[in-house]
Amino acid sequence: MELFFKLAGMALFVLMLPIFYRLIAGPNAMDRILAVNVIGTKTTVLLVIIGMIFARVGMFVDFALAYALLNFIGSLAAARYYHQDRLRQERGAS
Amino acid sequence: MAPMKIVALITVIITGGLLLYATGDFPAWGDPLSPANNSALSRHYIEQSRVETAVPNLVTAVLADYRGYDTMFETVVVFVAGLAILAVLGQGTSRERAAIQRSAERYQERDMINIMTARLIVPVLQLFSLYVLAHGHYSPGGGFQGGVMFGASFILIALAGGLPEALSRLSIPGALLLAGLGVLLYGGTGLVCMMLGQNFLDYHILHRLLPATDAVMARYHAMLIVEIGVAFTVTAIMFIIYAALSSRGRMTGGL
Amino acid sequence: MIILQITGAILVILGLVFFLGAAVGVVRFPDFYSRMHAAGKGDTLSTILMLLGIVCFLIADVPWAAVIHGDFSLLVEPILTSIKVLMIALLIMVTSPTSTHALMQAGYDSGIKPHLSEADDDSTPSDEETPTP
Amino acid sequence: MEFIVNNFNYWIYVILMMIGLFAMIAKNNLIKKLVGMTIFQTAIILFYVSIGVKGEGATIPILSYEQVHGTHHVEEADHAGEDDSHHAQADLPEIDARTITNPIPHVLMLTAIVVGVATLGVALAISQRIFHFYGSLDEDVILAKIQKGDG
């Protein structure tokens, strides 16, 4: 079973690489924020899987919960910033 | 290429080369007998802290008890950083603030979905942060983590409902009071130890005051008090940092 | 208990498959909105599936033989952990669509143009509201 | 080649640190300098935490219930008679220090992260103030304005 979770964790990590490509190559900032958001959500799962590998899920699940909540706040903050950014530019222009 | 970049590149290559050369003398990855891992101090913490403090989480035990001075002054640093941010950014004149308020009211159409999700998440987040704080003796957690998450719940309110909404729950003077209270709680615990005739922050004497059975449990409970103090300060300062930076110190508008 | 483990393994692998779809979508789709679509849906579903699979494994790991003999204290920690993992799944179910929505709104408001194949040259989306001054 | 493979973790930290240092020196924008500073800090945090790692068999520095309170389960009933002669702590199982990750680097970095956040906040506040004052975050523009003497 540990082998299964090691393989699953590795597969998850490998599948994050295309999203990492989007993070580097994304044409604009919003694409990058999108990629960060997806990687953050997947990191939650990865943390629980790491907990399964070490057989200390009870500890790692706390990190995962905190990470999920803070990741949400982070992407919401980024979204609000870009939302405001355009309004700010309009205000400056008008 | 700008000249500054060439200078930077040369500096970076020389420094990096020296550092890489030095890594040859470093212990191998995961060596349990490396000097840092095999020191008497580290082994004492791992083997004796369960007897001396009854706290399973070694990080909490070392953070709040053995390295209490360090953590106390880290808390003070966080407190001073919050004060410095407020001092640097200032509060803005009232006329400026009113103008910002008007434009903020006009431009900030609040999103219903964000507000509803925030209403759903904020209680969970606050409850979880209290769990992280209180359960820090047994699982990863403690004052810093719980405080950051509690502060994040106020940041979430500010993101979804606007900064005035969050400031009506935790005003800036209130946050400063909370931060000061946290430092006072930490320092006061140490002072009480001193008044009882022990060294500063030597908790085991507190068994005379606390409803604890013996000196070991006194250290256990005093650690919780100290962590609560840290959490107060970190909560308040996280919110102050967000509030001041997101509104350029005017405390209106915001993200 | 082998059935629970097999279910868990299938759920985790299914989650990985959905995440593969999301990853391909994020890389290959032409514009921000369709990428967001792939990421938002595939990411949420795959996360929930994988967490459910992990819950299956956790419940299968409980020493049921001892529990049936009356040692219920062994049941506390796995159940607590399972509830926490389910809690993460629930939170992801709520927060991930919200952040997708907020990012989409922010992308629209910061003026990202959608990729319209027949109307590539008139690049402004027709229904963009004029900002009120 | 063996030199690289044996020390690849240090290579990662050094490369990250040098990326941060390069950004701190070469970039003109103050915010980008701060980003470089944060990368530098992250490299140091990773380095410290990796020092505490103890190979394959070691777990996180949180003791299990049995390691703190002794074994209370099935074994206690078997050895109840002979436990009486021992001290109360005698039934605590031995902890091999090699199976627990070193907690000291974790503690140091826990406080370092929080202080890093606080100092980053102060730095951002100061750069916001600079932007408000000079209308730009570009170092050259700010220096030119300072030399011209208008503020």
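Throughout, read-outs are computed from the coordinates displayed, never taken from laboratory work. Please read all numbers here as calculations on a predicted model, not as lab measurements. Here the Cβ positions follow ideal geometry from the backbone for every residue, glycine too, while neighbour counts run over all protein chains shown.
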Original post:
Check D:I100: other-chain or 5+ apart residues with amide H under 5 Å from its amide H, H built from backbone geometry?
Top reply: D:T59
Original post:
Charges only on Cβ, +1 for Lys and Arg, -1 for Asp and Glu: so what's the dipole of the protein assembly as shown about the Cα centre, in debye to the nearest 20?
Top reply: 2400 debye
Subject >> Given charges at beta-carbon only (K, R positive; D, E negative), |dipole| of the range B:2-77 in Debye >> reply: 240 debye
Subject >> Hz values of 3J(HN,Hα) by residue in the range D:136-146 - Karplus curve (6.51, -1.76, 1.60), Gly and Pro given as x >> reply: 7, 10, 7, 4, 4, 4, 5, 5, 4, 5, 5
**OP:** Mind checking which of A:A25, A:M59, A:L3 is farthest towards the positive end of the range A:2-93's charge dipole, using Cβ charges of +1 (Lys, Arg) and -1 (Asp, Glu) about the Cα centre?
**Re:** A:A25
Subject >> Cβ neighbours within 10 Å from other chains - mean over D:38-48 >> reply: 0
Subject >> Most mobile listed residue (B:S39, B:S139, B:S129) in chain B, GNM with C-alpha springs under 10 Å >> reply: B:S39
**OP:** Could you size up the charge dipole of the range B:56-246 around its Cα centre, putting +1 on the beta carbon of Lys and Arg and -1 on that of Asp and Glu, and report it in debye to the nearest 20?
**Re:** 420 debye
Original post:
Could you give the angle, 0 to 90 degrees to the nearest 10, between helix A:2-25's Cα long axis and the longest principal axis of the Cα atoms of chain A?
Top reply: 20 degrees
Subject >> For peptides B:164-177, B:54-67, A:24-37, B:8-21, sequence by mean Cβ density within 10 Å, most packed first >> reply: B:54-67, A:24-37, B:164-177, B:8-21
Subject >> Note, ³J(HN,Hα) from phi for the range A:61-78, Karplus 6.51, -1.76, 1.60, rounded to Hz, x at Gly and Pro >> reply: 5, 5, 4, 5, 4, 4, 5, 4, 5, 6, 5, 4, 5, x, 6, 5, 5, 4
**OP:** When a/c is below 1.5 the answer is rounded, else prolate if a/b is larger than b/c, else oblate, so apply that to the protein assembly as shown with a ≥ b ≥ c taken from the square roots of the Cα gyration tensor eigenvalues.
**Re:** prolate
**OP:** Using θ = phi - 60° and the Karplus relation 6.51 cos²θ - 1.76 cosθ + 1.60, list the HN-Hα couplings for the range C:7-19 in order, rounded to whole Hz, with x at every Gly or Pro.
**Re:** 4, x, 4, 5, 5, 5, 5, 4, x, 5, 5, 5, 5
Original post:
Residues with beta-carbon under 14 Å from that of D:L124, excluding D:L124: net charge, scoring Lys, Arg +1 and Asp, Glu -1?
Top reply: +4
Original post:
Relative to the longest principal axis of chain C, what angle (0 to 90°, nearest 10) does the C-alpha long axis of helix C:32-61 take?
Top reply: 0 degrees
**OP:** Find the eigenvalues of the gyration tensor of the Cα atoms of the range D:110-151, then list the square roots of 5 times those eigenvalues as equivalent ellipsoid semi-axes, largest first, in whole angstrom.
**Re:** 29, 9, 7
**OP:** First check a/c for the range C:2-105, with a ≥ b ≥ c the square roots of the eigenvalues of its C-alpha gyration tensor; if it is under 1.5, answer rounded, and if not, answer prolate when a/b is larger than b/c or oblate otherwise.
**Re:** oblate
Subject >> the range A:2-93 shape via C-alpha gyration tensor axes, a/c threshold 1.5 >> reply: oblate
Subject >> Within 10 Å of each Cβ in A:9-21, the average number of Cβ atoms from other chains >> reply: 4
**OP:** State which helices in chain B qualify, where a helix is a whole DSSP H run, it must extend 20 Å or more along its own axis by its Cα atoms, and its mean Kyte-Doolittle hydropathy must be at least 0.0.
**Re:** B:3-22, B:68-89, B:112-134, B:143-161, B:172-195, B:215-246
Original post:
When ranked by the protection proxy of mean other Cβ atoms within 10 Å per residue, highest first, what sequence do the peptides A:39-45, D:9-15 form?
Top reply: A:39-45, D:9-15
**OP:** Mind scanning A:K42/C:K84; D:K27/D:K145; C:K84/D:K54; A:K42/D:K27 and naming the pairs with a C-alpha gap bigger than 22 Å?
**Re:** C:K84/D:K54; A:K42/D:K27
Subject >> Residue-averaged [θ]222 nm for the protein assembly as shown, counting only DSSP H segments that reach four residues, each worth -39500 (n - 2.57) >> reply: -25000 deg cm²/dmol
Original post:
Hey, if you put +1 on the Cβ of every Lys and Arg and -1 on every Asp and Glu Cβ in the protein assembly as shown, which of B:M217, C:S73, B:I13 ends up farthest toward the positive end of that dipole?
Top reply: B:I13
**OP:** Evaluate peptide C:12-25: per residue, the Cβ atoms of other protein chains within 10 Å of its Cβ; return the mean as an integer.
**Re:** 4
